[in-house]
1. Give a residue-ordered list of calculated ³J(HN,Hα) values for region 11-21 (Karplus: 6.51 cos²θ - 1.76 cosθ + 1.60, θ = phi - 60°; whole Hz; x for Gly, Pro).
2. Just to check, using Stokes-Einstein with a Kirkwood Rh over alpha carbon pairs, what's the diffusion coefficient of region 7-56 at 10 °C and 1.306 mPa s in µm²/s?
3. Under a point spin-label approximation (7 Å from Cα along Cα-to-Cβ), what is the Asp9-Asn35 distance to one decimal in nm?
4. May I ask you to evaluate 6.51 cos²θ - 1.76 cosθ + 1.60, the Karplus curve with θ = phi - 60°, for each residue of region 23-35 and list the ³J(HN,Hα) values in order in whole Hz, giving x for glycine and proline?
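None of the figures in this text is laboratory data; all of them are computed from the coordinates on show. If you're wondering where the values come from, they're calculated on a predicted model, not measured in any experiment. Cβ coordinates were reconstructed from backbone atoms using ideal geometry, including for glycine residues, and neighbour counts include every protein chain displayed.
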Amino acid sequence: MPGRTRPIDRFAAAAAKCSKEGSAYGKCILADYNNVHKDKCVTEFLKLKECYIVGFGSSWIWTY
């Protein structure tokens, strides 16, 4: 189907626009990767999630 965008392509485009948020989340996890636990980097994760939702649209919502 011409003009139809696959969901993975849309996600990749959204992820490309969130490099700052993704980097912050990754650095938070990496700072103490031997002690990763739920909610360790929740602030950074929520910022990354919000960026993805804005870039990808509300049809791609997951819970944390």
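1. Those phi angles translate into 5, 4, 5, 5, 5, 5, 7, 10, 5, 5, 5 Hz.
2. Values: Rh = 11.3 Å.
D, rounded to a whole number, is 141 µm²/s.
3. About 4.5 nm, to one decimal.
4. Result, rounded to whole Hz: 5, 4, 5, x, 5, 5, 5, 5, 4, 8, 5, 7, 10.
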